[in-house]
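The values are calculated or read from the model by the stated rules, or taken from the named source; none is laboratory data. Remember, predicted model here, so these are calculated numbers, not experimental data. Methodologically, a virtual Cβ is constructed for each residue, glycine included, from the backbone with ideal geometry; neighbour enumeration extends over all protein chains shown. Ligands, DNA and RNA are excluded from the accessible area calculation, which covers all protein heavy atoms including side chains. Shrake-Rupley method; radii C 1.70, N 1.55, O 1.52, S 1.80 Å.
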Amino acid sequence: MPWRPAPSRCAESVAPARRRLIGAALGAASLAGCTFASDVDHAGDDAPREQPLARLPRVAWVLSSGGPRGFTHVGVLRALHEMGLSPDLIVGASVGALVGSLRASGVPAPAIETIALELQPLAMARVAIGADERFSGAPLAELVRRHVAVQQLERMPIAMACVASRKRDGRTVAFTAGDVGLAVQASAAIEGQFAPVRIRGETYVDADWHQPLPVRLARALGARVVIAVDATAHSDRLPPGAERYRDSDAKKKALVDADAKVADLVLKPDFGYWVSLSRDFRERAIAAGYRDTMIRERELRALHRG
């Protein structure tokens, strides 16, 4: 049966239905061109890699995966910016890697909000020819490179780790050096939707079904204080019509909880269950991130002071 675009205002959960949401938003991506060599092995000197940080971090911010829900990260960063707070390390998974890499490179929070509100879905993907997945995320890598002031992860003003999953065994990795655009592309390569990214002979995908809130990775990188932002669904308040997502939401919650319990503070902004890519939804998610972060200002300041 041929694929057909879904309605523009999507009533889908981030769990298994995230693929349908992204497919609907990017269905016309062929207009932006095609990618033929979707399985190129990136093995040059600037290919992303795991590497010890130059300095042990004290405070880390961890930004979860979450698809469109990740717009809430933008509001969180704006609130932290207004508080004058900054981390030593940002660890991001999928959309968290995208938003986090902008902040780590020096892009101020107000500018990140402008980028998020003006972002066009067609700018994030193109049709992949010869791949099992529908899309290539190469345009996402290009978008990141256009906006960041520093192209190499290890040279960023704030240490940055882009989290991805090694496809052959599910091992979660933290890319801390190399090309930031490619690292974000690998971190956001949603299985079954975006072509995996091949780096030095290994293929990498989104870590969403392995470690969506990578607090333990931040600890492994040396962080003593971890503030985590969980952009996954509030599965304890399942609305009518979302019953079919109960099992996948429960699986995601178990993965998140395993890391949340070792964070010093977890922010989980509340902006409802259903998501879309509309301007209205983006503004609502950003506003919730800002509001729910400002409420915790006293705790956040104390944690950053140490």
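A few points about this structure:
- For region 87-100, the set of residues classified as more than 14 Å from the chain's Cα centre (by Cα) and in a loop (DSSP other than H, G, I, E, B) consists of PRO87, ASP88, listed by residue number.
- Test result for ARG155, open to solvent by 10 Å² or more (accessible area, probe 1.4 Å), at pLDDT below 95 and over 15 Å from the mean Cα position of the chain (by Cα): no
- Residue list for region 56-86, restricted to those being in a loop (DSSP other than H, G, I, E, B) and either modelled with pLDDT under 95 or open to solvent by less than 10 Å² (accessible area, probe 1.4 Å) (or both): PRO57, SER64, SER65, GLY66
- Unmet requirement for PRO212, which otherwise passes all of (1) more than 18 Å from PRO57 (Cβ to Cβ); (2) out of contact with any Gly (no Cβ under 9 Å at 6 or more places or on another chain); (3) open to solvent by less than 40 Å² (accessible area, probe 1.4 Å): (2)
- Among the residues of region 177-194, those that are in a loop (DSSP other than H, G, I, E, B) and open to solvent by 10 Å² or more (accessible area, probe 1.4 Å) comprise ALA188, ILE190, GLU191, GLY192, GLN193.
- Top-ranked residue of region 120-143 - restricted to ones that are under 17 Å from GLY181 (Cβ atoms) and open to solvent by 30 Å² or more (accessible area, probe 1.4 Å), ranked as modelled with the highest pLDDT: GLU142
- Of everything in region 41-52 that is part of a loop (DSSP other than H, G, I, E, B) and open to solvent by 40 Å² or more (accessible area, probe 1.4 Å), the residue that is farthest from GLY181 (Cα to Cα) is PRO52.
- Evaluation of ARG282 against (1) touching a residue at least 24 places away in the same chain (Cβ under 8 Å); (2) under 30 Å from ARG301 (Cα atoms); (3) open to solvent by 20 Å² or more (accessible area, probe 1.4 Å) (one fails), failing number: (3)
- Taking region 222-279 as the range and being in contact (Cβ under 8 Å) with a residue 60 or more places away in the chain, under 16 Å from the mean Cα position of the chain (by Cα) and open to solvent by 20 Å² or more (accessible area, probe 1.4 Å) as the test, only LEU277 passes.
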